[in-house]
Number of protein chains: 2
Amino acid sequence: MDSIVHILKQNNLSVTEGRRRILSLFLSSNGALAHADIEKNTGSHFDRVTVYRTLQSFVDKGIIHTIPTSDNSIKYALCKDECGEGHHHDHHVHLVCSRCGNTFCLDDVVTPAVKLPHEYIVQQVEVVVKGICRSCNHK
Amino acid sequence: MDSIVHILKQNNLSVTEGRRRILSLFLSSNGALAHADIEKNTGSHFDRVTVYRTLQSFVDKGIIHTIPTSDNSIKYALCKDECGEGHHHDHHVHLVCSRCGNTFCLDDVVTPAVKLPHEYIVQQVEVVVKGICRSCNHK
DNA sequence: AAATATTTGCAACGATGTTTCTTTTTTTTA
DNA sequence: TAAAAAAAAGAAACATCGTTGCAAATATTT
(Lines give C-alpha, C1' and ligand atoms only; values in the text may rest on other atoms or scores of the structure.)
Protein backbone atom coordinates (compact mmCIF):
# COMPACT_ATOMS: atom_id res chain seq x y z
CA MET A 1 0.00 0.00 0.00
CA ASP A 2 1.04 3.54 -0.70
CA SER A 3 3.07 4.76 2.27
CA ILE A 4 1.13 8.00 2.42
CA VAL A 5 -2.17 6.20 2.66
CA HIS A 6 -0.61 3.91 5.20
CA ILE A 7 0.38 6.76 7.49
CA LEU A 8 -3.06 8.31 7.28
CA LYS A 9 -4.86 5.06 8.03
CA GLN A 10 -2.53 4.29 10.87
CA ASN A 11 -3.52 7.54 12.46
CA ASN A 12 -7.24 7.06 12.00
CA LEU A 13 -7.55 9.79 9.46
CA SER A 14 -9.77 9.28 6.48
CA VAL A 15 -7.86 9.36 3.25
CA THR A 16 -8.69 12.45 1.26
CA GLU A 17 -7.12 14.21 -1.66
CA GLY A 18 -6.03 17.16 0.47
CA ARG A 19 -4.42 15.11 3.19
CA ARG A 20 -2.57 12.95 0.70
CA ARG A 21 -1.20 15.95 -1.13
CA ILE A 22 -0.14 17.79 1.98
CA LEU A 23 1.47 14.77 3.59
CA SER A 24 3.22 14.05 0.35
CA LEU A 25 4.65 17.56 0.34
CA PHE A 26 6.13 17.03 3.78
CA LEU A 27 7.61 13.68 2.81
CA SER A 28 9.31 15.13 -0.22
CA SER A 29 10.58 18.34 1.33
CA ASN A 30 13.69 18.42 3.46
CA GLY A 31 13.01 21.67 5.29
CA ALA A 32 10.07 22.91 7.28
CA LEU A 33 7.00 24.35 5.60
CA ALA A 34 4.87 27.37 6.39
CA HIS A 35 1.18 27.50 5.79
CA ALA A 36 1.72 29.63 2.71
CA ASP A 37 4.23 27.18 1.19
CA ILE A 38 1.69 24.45 1.52
CA GLU A 39 -1.15 26.38 0.03
CA LYS A 40 0.99 27.22 -2.99
CA ASN A 41 2.61 23.87 -3.63
CA THR A 42 -0.11 21.29 -3.34
CA GLY A 43 -0.72 21.34 -7.06
CA SER A 44 -4.45 21.73 -7.09
CA HIS A 45 -6.02 24.40 -5.04
CA PHE A 46 -7.30 23.77 -1.53
CA ASP A 47 -9.13 26.21 0.60
CA ARG A 48 -7.10 27.97 3.28
CA VAL A 49 -9.40 26.54 5.90
CA THR A 50 -8.78 23.03 4.69
CA VAL A 51 -5.06 23.54 4.92
CA TYR A 52 -5.33 24.88 8.45
CA ARG A 53 -7.50 22.00 9.51
CA THR A 54 -5.26 19.44 7.92
CA LEU A 55 -2.17 20.86 9.59
CA GLN A 56 -3.95 20.94 12.91
CA SER A 57 -5.03 17.32 12.65
CA PHE A 58 -1.53 16.26 11.64
CA VAL A 59 -0.12 18.03 14.68
CA ASP A 60 -2.74 16.41 16.91
CA LYS A 61 -1.85 12.99 15.61
CA GLY A 62 1.87 13.49 16.03
CA ILE A 63 2.64 13.38 12.32
CA ILE A 64 4.13 16.86 12.20
CA HIS A 65 5.28 19.35 14.82
CA THR A 66 5.37 23.13 14.92
CA ILE A 67 8.50 25.25 14.99
CA PRO A 68 8.33 28.72 16.49
CA THR A 69 10.22 31.37 14.55
CA SER A 70 11.17 34.85 15.58
CA ASP A 71 9.29 36.44 12.72
CA ASN A 72 6.04 35.33 14.17
CA SER A 73 5.15 32.69 11.64
CA ILE A 74 4.66 29.05 12.42
CA LYS A 75 6.49 26.40 10.43
CA TYR A 76 5.74 22.71 10.37
CA ALA A 77 7.97 19.67 9.92
CA LEU A 78 7.61 15.90 10.01
CA CYS A 79 7.98 14.16 13.34
CA LYS A 80 10.13 11.12 13.89
CA ASP A 81 8.44 7.85 14.69
CA GLU A 82 8.21 8.22 18.44
CA CYS A 83 5.51 10.88 18.28
CA GLY A 84 1.87 9.95 18.43
CA GLU A 85 -1.55 11.25 19.30
CA GLY A 86 -1.26 13.52 22.30
CA HIS A 87 2.46 13.15 22.82
CA HIS A 88 5.30 14.76 20.95
CA HIS A 89 8.96 14.06 21.56
CA ASP A 90 10.72 16.44 19.25
CA HIS A 91 13.63 17.38 21.44
CA HIS A 92 15.92 18.57 18.73
CA VAL A 93 17.34 21.92 17.73
CA HIS A 94 15.90 23.90 14.84
CA LEU A 95 17.97 25.94 12.44
CA VAL A 96 16.77 28.97 10.54
CA CYS A 97 19.18 29.69 7.70
CA SER A 98 19.81 33.37 7.35
CA ARG A 99 20.91 32.95 3.74
CA CYS A 100 18.18 30.85 2.15
CA GLY A 101 15.57 31.49 4.82
CA ASN A 102 14.64 27.84 5.16
CA THR A 103 14.08 26.15 8.48
CA PHE A 104 15.47 22.71 9.27
CA CYS A 105 15.13 20.14 12.00
CA LEU A 106 18.55 19.07 13.21
CA ASP A 107 17.38 15.70 14.40
CA ASP A 108 20.77 14.71 15.72
CA VAL A 109 21.31 17.79 17.81
CA VAL A 110 19.52 17.32 21.10
CA THR A 111 18.33 20.39 22.99
CA PRO A 112 20.83 21.19 25.72
CA ALA A 113 19.71 21.00 29.33
CA VAL A 114 19.02 24.42 30.80
CA LYS A 115 19.55 24.93 34.47
CA LEU A 116 17.37 27.55 36.12
CA PRO A 117 17.53 28.87 39.68
CA HIS A 118 15.75 26.45 42.01
CA GLU A 119 12.67 28.65 42.34
CA TYR A 120 11.69 27.73 38.79
CA ILE A 121 10.41 24.53 37.21
CA VAL A 122 11.47 23.61 33.69
CA GLN A 123 8.90 21.77 31.61
CA GLN A 124 10.13 22.12 28.07
CA VAL A 125 13.04 23.73 26.27
CA GLU A 126 12.83 25.11 22.77
CA VAL A 127 16.01 26.04 20.92
CA VAL A 128 16.10 27.87 17.62
CA VAL A 129 19.47 28.61 16.06
CA LYS A 130 19.96 31.28 13.47
CA GLY A 131 22.85 30.47 11.19
CA ILE A 132 23.90 29.05 7.85
CA CYS A 133 22.64 25.71 6.66
CA ARG A 134 24.72 22.98 5.15
CA SER A 135 23.89 23.59 1.56
CA CYS A 136 24.30 27.37 1.72
CA ASN A 137 27.62 26.96 3.48
CA HIS A 138 29.02 24.81 0.66
CA LYS A 139 28.34 27.29 -2.09
CA MET B 1 15.81 65.00 34.69
CA ASP B 2 13.13 62.37 34.54
CA SER B 3 14.80 59.04 33.77
CA ILE B 4 12.23 58.24 31.13
CA VAL B 5 12.88 61.48 29.30
CA HIS B 6 16.58 60.84 29.74
CA ILE B 7 16.41 57.45 28.02
CA LEU B 8 14.43 58.85 25.12
CA LYS B 9 16.77 61.78 24.59
CA GLN B 10 19.80 59.56 24.86
CA ASN B 11 18.44 57.54 21.96
CA ASN B 12 17.63 60.49 19.79
CA LEU B 13 13.91 60.01 20.09
CA SER B 14 11.71 63.03 20.48
CA VAL B 15 9.85 63.05 23.72
CA THR B 16 6.16 62.48 23.19
CA GLU B 17 3.29 61.53 25.43
CA GLY B 18 2.97 58.08 23.85
CA ARG B 19 6.62 57.18 24.12
CA ARG B 20 6.81 58.31 27.72
CA ARG B 21 3.79 56.28 28.69
CA ILE B 22 4.91 53.15 26.91
CA LEU B 23 8.46 53.29 28.19
CA SER B 24 7.11 53.90 31.65
CA LEU B 25 5.01 50.76 31.37
CA PHE B 26 8.08 48.71 30.56
CA LEU B 27 10.04 50.20 33.43
CA SER B 28 7.33 49.38 35.92
CA SER B 29 6.49 45.90 34.70
CA ASN B 30 8.58 42.89 35.61
CA GLY B 31 7.47 40.57 32.81
CA ALA B 32 7.35 40.96 29.07
CA LEU B 33 4.51 42.80 27.37
CA ALA B 34 2.52 42.01 24.27
CA HIS B 35 1.16 44.66 21.99
CA ALA B 36 -2.31 44.18 23.43
CA ASP B 37 -1.10 44.65 27.02
CA ILE B 38 0.42 47.92 26.03
CA GLU B 39 -2.59 49.21 24.21
CA LYS B 40 -4.77 48.48 27.22
CA ASN B 41 -2.53 49.76 29.98
CA THR B 42 -1.16 53.08 28.82
CA GLY B 43 -3.90 55.00 30.58
CA SER B 44 -4.99 57.29 27.82
CA HIS B 45 -5.81 55.86 24.47
CA PHE B 46 -3.25 55.68 21.70
CA ASP B 47 -3.90 54.54 18.19
CA ARG B 48 -2.82 51.00 17.43
CA VAL B 49 -0.54 52.29 14.76
CA THR B 50 1.21 54.55 17.20
CA VAL B 51 1.84 51.66 19.54
CA TYR B 52 3.27 49.56 16.73
CA ARG B 53 5.53 52.34 15.60
CA THR B 54 6.70 53.11 19.10
CA LEU B 55 7.56 49.48 19.78
CA GLN B 56 9.40 49.26 16.49
CA SER B 57 11.47 52.34 17.19
CA PHE B 58 12.30 51.10 20.70
CA VAL B 59 13.50 47.82 19.22
CA ASP B 60 15.55 49.67 16.61
CA LYS B 61 17.21 51.74 19.29
CA GLY B 62 18.01 48.79 21.51
CA ILE B 63 15.68 49.86 24.31
CA ILE B 64 13.55 46.73 24.16
CA HIS B 65 13.92 43.34 22.50
CA THR B 66 11.44 40.87 21.10
CA ILE B 67 10.78 37.43 22.50
CA PRO B 68 9.45 34.75 20.18
CA THR B 69 6.75 32.58 21.69
CA SER B 70 5.33 29.35 20.41
CA ASP B 71 1.81 30.72 20.25
CA ASN B 72 2.83 33.04 17.50
CA SER B 73 2.62 36.30 19.38
CA ILE B 74 5.52 38.64 19.90
CA LYS B 75 6.35 39.88 23.36
CA TYR B 76 8.65 42.73 24.25
CA ALA B 77 10.92 43.32 27.21
CA LEU B 78 13.48 45.89 28.31
CA CYS B 79 17.07 45.40 27.23
CA LYS B 80 20.03 45.67 29.52
CA ASP B 81 22.43 48.54 29.07
CA GLU B 82 24.73 46.97 26.52
CA CYS B 83 22.18 47.14 23.72
CA GLY B 84 22.09 50.08 21.38
CA GLU B 85 21.04 51.17 17.95
CA GLY B 86 21.62 48.33 15.52
CA HIS B 87 23.07 45.88 18.01
CA HIS B 88 21.32 43.75 20.56
CA HIS B 89 23.08 41.54 23.08
CA ASP B 90 20.26 39.80 24.84
CA HIS B 91 21.83 36.41 25.32
CA HIS B 92 19.62 35.21 28.08
CA VAL B 93 16.97 32.56 28.39
CA HIS B 94 13.29 33.41 28.32
CA LEU B 95 10.69 31.69 30.42
CA VAL B 96 7.03 31.35 29.52
CA CYS B 97 5.08 30.39 32.62
CA SER B 98 2.48 27.79 31.86
CA ARG B 99 0.49 28.72 34.92
CA CYS B 100 0.19 32.50 34.76
CA GLY B 101 1.05 32.82 31.09
CA ASN B 102 3.55 35.60 31.65
CA THR B 103 6.90 35.74 29.94
CA PHE B 104 10.09 36.66 31.77
CA CYS B 105 13.67 37.41 30.91
CA LEU B 106 16.00 35.31 33.03
CA ASP B 107 18.85 37.74 32.77
CA ASP B 108 21.19 35.58 34.80
CA VAL B 109 20.70 32.45 32.75
CA VAL B 110 22.94 32.66 29.73
CA THR B 111 21.95 30.77 26.59
CA PRO B 112 23.90 27.52 26.45
CA ALA B 113 26.35 26.99 23.61
CA VAL B 114 24.96 24.76 20.91
CA LYS B 115 27.35 22.63 18.92
CA LEU B 116 26.27 21.81 15.38
CA PRO B 117 27.93 19.50 12.86
CA HIS B 118 30.79 21.33 11.20
CA GLU B 119 28.88 21.91 7.97
CA TYR B 120 26.79 24.51 9.75
CA ILE B 121 27.51 27.97 11.05
CA VAL B 122 25.89 29.20 14.24
CA GLN B 123 25.08 32.89 14.37
CA GLN B 124 22.60 33.21 17.18
CA VAL B 125 20.89 30.95 19.66
CA GLU B 126 17.42 31.58 21.03
CA VAL B 127 16.17 29.59 24.00
CA VAL B 128 12.62 29.69 25.28
CA VAL B 129 11.77 27.58 28.29
CA LYS B 130 8.24 26.60 29.15
CA GLY B 131 7.81 26.06 32.84
CA ILE B 132 6.65 27.56 36.12
CA CYS B 133 7.80 30.98 37.22
CA ARG B 134 9.04 31.88 40.64
CA SER B 135 5.91 33.46 41.94
CA CYS B 136 3.57 30.76 40.67
CA ASN B 137 5.81 28.09 42.15
CA HIS B 138 5.58 29.61 45.62
CA LYS B 139 1.82 29.62 45.81
C1' DA C 1 -25.40 0.35 -3.03
C1' DA C 2 -27.41 2.87 0.64
C1' DA C 3 -26.79 4.96 5.10
C1' DT C 4 -23.77 7.28 8.05
C1' DA C 5 -19.89 9.82 9.30
C1' DT C 6 -16.35 12.90 7.99
C1' DT C 7 -14.36 16.43 5.41
C1' DT C 8 -14.53 20.29 2.32
C1' DG C 9 -15.54 24.89 0.65
C1' DC C 10 -17.68 29.13 1.42
C1' DA C 11 -18.94 33.23 3.84
C1' DA C 12 -18.30 35.86 7.58
C1' DC C 13 -15.72 37.42 11.38
C1' DG C 14 -11.90 39.02 14.60
C1' DA C 15 -7.17 39.86 15.49
C1' DT C 16 -2.79 41.45 13.85
C1' DG C 17 0.10 44.30 11.29
C1' DT C 18 1.29 47.72 7.36
C1' DT C 19 0.93 51.82 4.29
C1' DT C 20 -0.47 56.40 2.85
C1' DC C 21 -1.83 60.81 3.80
C1' DT C 22 -3.32 64.80 6.63
C1' DT C 23 -3.18 67.06 11.04
C1' DT C 24 -0.93 67.81 15.31
C1' DT C 25 2.97 68.02 18.26
C1' DT C 26 7.84 68.46 19.09
C1' DT C 27 12.21 70.33 18.09
C1' DT C 28 15.17 73.57 15.97
C1' DT C 29 16.69 78.18 14.66
C1' DA C 30 16.76 82.61 14.37
C1' DT D 1 10.11 83.11 22.55
C1' DA D 2 8.02 83.02 18.05
C1' DA D 3 8.32 81.14 13.50
C1' DA D 4 10.05 77.46 10.55
C1' DA D 5 11.24 72.79 9.98
C1' DA D 6 11.06 68.10 11.33
C1' DA D 7 8.96 64.34 13.45
C1' DA D 8 5.15 61.82 15.22
C1' DA D 9 0.16 60.84 15.78
C1' DG D 10 -4.28 59.75 14.04
C1' DA D 11 -7.47 58.08 10.59
C1' DA D 12 -8.77 55.26 6.88
C1' DA D 13 -7.86 51.68 3.99
C1' DC D 14 -5.81 47.47 3.10
C1' DA D 15 -3.37 42.73 3.50
C1' DT D 16 -2.50 38.58 6.11
C1' DC D 17 -3.53 35.16 9.42
C1' DG D 18 -6.42 32.14 11.81
C1' DT D 19 -11.24 30.65 13.47
C1' DT D 20 -16.27 29.36 13.37
C1' DG D 21 -20.84 27.86 11.53
C1' DC D 22 -23.17 25.83 8.02
C1' DA D 23 -24.46 23.50 3.59
C1' DA D 24 -22.61 20.56 -0.07
C1' DA D 25 -19.43 16.97 -1.33
C1' DT D 26 -16.67 12.99 -0.38
C1' DA D 27 -15.16 8.81 2.48
C1' DT D 28 -16.26 5.11 5.19
C1' DT D 29 -19.21 1.72 7.10
C1' DT D 30 -23.01 -1.54 6.87
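The values are calculated or read from the model by the stated rules, or taken from the named source; none is laboratory data. Everything quoted here is computed from the prediction, not taken from an experiment. We place every Cβ from the backbone using ideal geometry, glycine too, and count neighbours over all the protein chains shown. Remember, those area values only see protein heavy atoms, side chains included, never the ligands or the DNA or RNA. Shrake-Rupley method; radii C 1.70, N 1.55, O 1.52, S 1.80 Å.
Compute a Gaussian network model of chain A, connecting alpha carbons closer than 10 Å, and tell me which residue from A:I38, A:I121, A:I67 fluctuates the most. Among A:I38, A:I121, A:I67, the largest GNM mean-square fluctuation belongs to A:I121.
A 1.4 Å probe run over chain B, with the rest of the protein chains in place, finds 55 Å² accessible per residue. For B:H6, inter-copy separations between label points set 7 Å beyond Cα along the Cβ vector come to 6.9 nm, shortest first. Using a 1.4 angstrom probe on protein heavy atoms only, the contact between B and A buries about 3000 square angstrom of accessible area, both sides summed. Go through the range B:71-108 and flag every residue whose accessible area shrinks by 30 Å² or more with all protein chains in place compared to the isolated chain (probe 1.4 Å). Checking the loss per residue gives B:N72, B:I74, B:L106.
Between B:V59, B:V93, B:V122, which gets the highest mean-square fluctuation from a Gaussian network model of chain B, Cα cutoff 10 Å? Its mean-square fluctuation being the largest, the pick is B:V122.
Rounded to the nearest 500, what is the protein assembly as shown's calculated 222 nm mean residue ellipticity when only DSSP H runs of at least 4 contribute -39500 (n - 2.57) each, over all residues?
Details: 10 runs with 90 residues, N = 278.
That comes out to -9000 deg cm²/dmol.
For the rotational copy pair A/B, the chain A residue whose Cβ lies nearest the symmetry axis, together with its distance in Å, is A:P112, 2. Summing charges over neighbours of B:L8, with a neighbour being any other residue whose Cβ is under 10 Å away from its Cβ, gives +3 when K and R count +1 and D and E count -1. Plainly put, the tip 7 Å out from Cα toward Cβ on B:K40 is 3.6 nm from that tip on each other copy, the closest given first. Using a probe of 1.4 Å on the protein chains alone, the accessible area found for B:S28 is around 90 Å². Near B:L13, no amide H atom lies under 5 Å from its own; only residues 5 or more places off or on other chains count, and H is placed 1.01 Å from N.
Considering only protein heavy atoms and a 1.4 Å probe, what is the carbon-and-sulfur percentage of the accessible area of the range A:3-137?
On the way: 3330 of 7090 Å².
Carbon plus sulfur share of accessible area: 47 percent.
What separates the Cα centres of the range A:55-99 and the range B:9-77 is a distance of 30 Å.
For the residue pairs B:K9/B:K130; A:K75/B:K115; A:K75/B:K40; A:K139/B:K61; A:K75/A:K115; A:K115/B:K40, the alpha carbons lie more than 25 Å apart in B:K9/B:K130; A:K75/B:K40; A:K139/B:K61; A:K75/A:K115; A:K115/B:K40. Can you give me the angle between helix B:48-61 and the longest principal axis of chain B, using Cα atoms only, in degrees from 0 to 90, rounded to the nearest 10? Here the helix axis deviates by roughly 60 degrees.
Distances from A:G101 to itself in the other copies, using label points 7 Å out along the Cα-Cβ axis, amount to 3.3 nm in increasing order. Taken one residue at a time, the phi angles of the range B:62-73 give Karplus couplings (6.51, -1.76, 1.60, θ = phi - 60°) of x, 8, 10, 10, 8, 10, x, 10, 6, 8, 6, 10 Hz. Gly and Pro are set to x.
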